[in-house]
1. Restricting the range B:212-227 to residues that are surrounded by fewer than 24 Cβ atoms within 10 Å (Cβ to Cβ) and among the hydrophobic types (A, V, I, L, M, F, W, C), which is nearest to the other protein chains (Cβ to nearest Cβ)?
2. Mind counting the residues in the range A:173-199 that are crowded, with 17+ Cβ neighbours inside 10 Å and of a type outside the set (Lys, Arg)?
3. Restricting attention to helices (runs of 4 or more DSSP H) lying wholly within the range B:115-225, give those where 3 or more residues are aromatic (Phe, Trp, Tyr) and at pLDDT 95 or above.
4. What about B:Leu268, is it modelled with pLDDT under 95, under 30 Å from B:Thr148 (Cβ atoms) and assigned to a helix (DSSP H, G or I)?
5. Taking B:Val85 as the residue in question, decide whether it is without any contact (Cβ under 8 Å) to a residue 12 or more places away in the chain and within 20 Å of the chain's Cα centre (by Cα).
6. Just one of A:Ala132, A:Ala63 is over 16 Å from A:Ile173 (Cβ atoms), in contact (Cβ under 8 Å) with a residue 40 or more places away in the chain and not acidic (Asp, Glu); which is it?
7. Show me the helices (runs of 4 or more DSSP H) found entirely inside the range A:119-234 where at least 2 residues are hydroxyl-bearing (Ser, Thr, Tyr) and farther than 30 Å from A:Arg106 by Cα.
8. For B:Ala235, state whether it is buried (at least 20 other Cβ atoms within 10 Å of the Cβ), of a type outside the set (Phe, Trp, Tyr) and either within 14 Å of chain A (Cβ to nearest Cβ) or on the phi < 0 side of the Ramachandran plot (or both).
Amino acid sequence: MLEVRHLAAGYHGLVALADVSFGVAAGEILVVAGANGAGKSTVLKTVAGVVPARSGTITFDGARIDHLAAHRITRLGMAFVPEERRLFPRMTVRDNLRLGSYLHRRRADREAPLATVLRLFPRLEERMDQLAATLSGGEQQMLAIGRALMTRPRLLMLDEPSQGIMPRLVAEIFRAIEEVRRAGITILLVEQRLTESLAIADKAIILRTGRIVVAGTAAEVRANPEVRSAYLGM
Amino acid sequence: MAQPQTIPAPITAFTSRRRRQLAVALAVALALALLPLAVADVFVMNILVLTILFASLSQSWNILGGYCGQISLGHAVYFGIGAYVTVALFVDFGILPWFGMLAGAAIAVVLALALGYPCFRLAGHYYTIATIVIAEAALLLVANAEWTGGAVGLQLPFAPDSWATLQFGRTKLPYYYLALGLAVATWIVSWVIEDTRAGYWWRAVNSDIAAAQSLGVNVFRSKMAASAVSAFFTAVAGGVYAFFVSYIDPTSVMSFHISLLISLPAVLGGIGTLWGPALGAIVLIPMGELTRSYFGGTGLGTNLIVYGVLVMAISLLRPQGLVSLVHLFVPRRA
C-alpha cells in the first residue's frame, strides 16, 4: 500500500534521514522505532508531506506522493496525527471531530465514522461539548486519533501516541490502535515504547541517526540481540 | 442526568444555540426597523446610518479577519472601489447604483483574488503589512486617476428622490433601511458560514495551519475564498456609503482611517464572533462622530486617541472582546 524507497530528508542542511526504504501492506501495522533524534518523526512527516523529501520516492497505492502538498496527501486517504496532536483548543470536541469529517461532501459519509470513533473512545462522547483545551492528555490523544479517523483514512500515521499520557490510558490507546487495524485501516506507528508496539505490530524498523539499522517482522525484531540489549533492556 | 445514548449525537445538528442566535438577530433587526419612529433628529439619524453601515462593514471584515484569521488593514481598497465604481458608472453612464454596486463588488472580488494570490503565501504579520502598503498605493492611484476625478473626487448630480437611483435629498431614512438591510445580509452570511464546511475550514486555518492541512484543508484556497466574500460585501457597503454622502474623494473613502473603522469594531467587539462587529461599531462609530462634531473637522484626532485607549483596555481586560461581557449577565449554555 505504502512504498518508501531511498528516502532522504533534512532540515536546514542537517541530514535527518538517509536512504530509508520500507513498505507497508494493506491491513498491516508497521512500527518505526529508535532513540530520540533518530529520525522517526521525520519519516512520518515526510510521508505526510509536512517535510519535503530531498530524494527518493514515496508511493501510495502505486501513485507517487512525494511532491504533493500535505492536504492533498490527506485527501488520498492518509491521515497524520502529529506528536503535538494539534487539536483546535478553543473548539469543542464535537467541532474538532466535525472538522475531520469535512473531507467528505456527502452528509452520510461525514456522519458514518462517528459511531466507530465513539466506540473506540467512549470518553469522547461524554466530552462532546467541552472545549478541546479542557481535556486531559490522554483524552486529547484520543480526540486527535478520532479526528483523523473522521477523514475515513485507509492509512493512519501516528506519531508517539503514548507520549505524555498517564500509564493507565496508554494501554487503552494501544488497544484502540489494534482495533483501528481490525477495522481494516493500515497503520504506520512511530513509538518509543517498543515492547507495547511490537506486541501489536506486524513489522518494525529501527532507525539510528537517520538510517535503518534493524528491519523485519515484529518477532524478528523482538528476537534481534542488539534490539534486546539496546531497546528492550533485556 | 442524560440517558446513555445508543445513537451518537450527530456532529452536524441544528442546535438550540443556533436557533437562539437567529431569534436574537430577528428581535434586534425588528427593533432597529422600528427605531426611526422614535428618532426625528437628522444628526442622530446620520450617526445611526453610519453605525449600522460600519457594523455591516466590520462583519464583512470579520469573515476574513475573524474567522480565517487574515488581518487586513487595507479594506478601504474594497470599500473605495465599491464607492467609486458605483458613483462613476452612474455619473458617466447612467447605470443605476443597484447594478453599479454589483459591478463594484465584482471588481473588488477580482482584486481581492489578484492580491491574495501573492499575499496569502505570506504568513501572519507580513500579510497585514502587505494590505496596508497596497491600500496606500491604491489611494495614490485613485487620487491621480482621471475617471475618479483625482483629488477633487466625484459628486453625484442632483436628482429627484427615487429608489431606483438611490437619491433622496430631504430624508436619510431610505439610507437607514438600506444600511440595515445590508447589515442583516452580512449577519446572515456570517451566521450561515459559521455552520458550513467553509466556515469550519477557515477557523481551522486561523487556529492551526498544520492541523488544518492534516485534515485535508487547502489553506491557500480557504484564504482566497474568505477574502472574496469579505471584499464583496465591503464593496457593496462602499456603494451604499457613496450614495448616502453623495460626494466622495480619495481620503473620504480610501484612506487608512477607513480601514481602521472597518477593522476596529470587530477587534473591539470580539474578533471571530457573530455579534462582536456590531457591538464594536455601536461603541466606536457614534464616538467618532461625536468627537468630530464637538471639536470640528477631523475631531483633532481625539477619536483616534480614544480608539487606541479602548483597544488597549479591551486587550488587557477582555481579550475576547466586548461580546464576552454578555456572558457576565447571560449564563453560557450549550
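1. Looking at residues that are surrounded by fewer than 24 Cβ atoms within 10 Å (Cβ to Cβ) and among the hydrophobic types (A, V, I, L, M, F, W, C), I get B:Val219.
2. Going through the range A:173-199 one residue at a time, the tally reaches 16.
3. Because the criterion is at least 3 residues that are aromatic (Phe, Trp, Tyr) and at pLDDT 95 or above, the helices (runs of 4 or more DSSP H) in the range B:115-225 that meet it are B:173-193, B:197-207.
4. In short, no.
5. Criteria not met by B:Val85.
6. A:Ala132
7. So the answer is A:194-200.
8. Yes: the conditions hold for B:Ala235.
The values are calculated or read from the model by the stated rules, or taken from the named source; none is laboratory data. Worth saying up front: this structure is predicted, and the values here are computed from it rather than measured. Cβ sites come from the backbone with ideal geometry, for glycine too, and all protein chains shown count toward neighbours.
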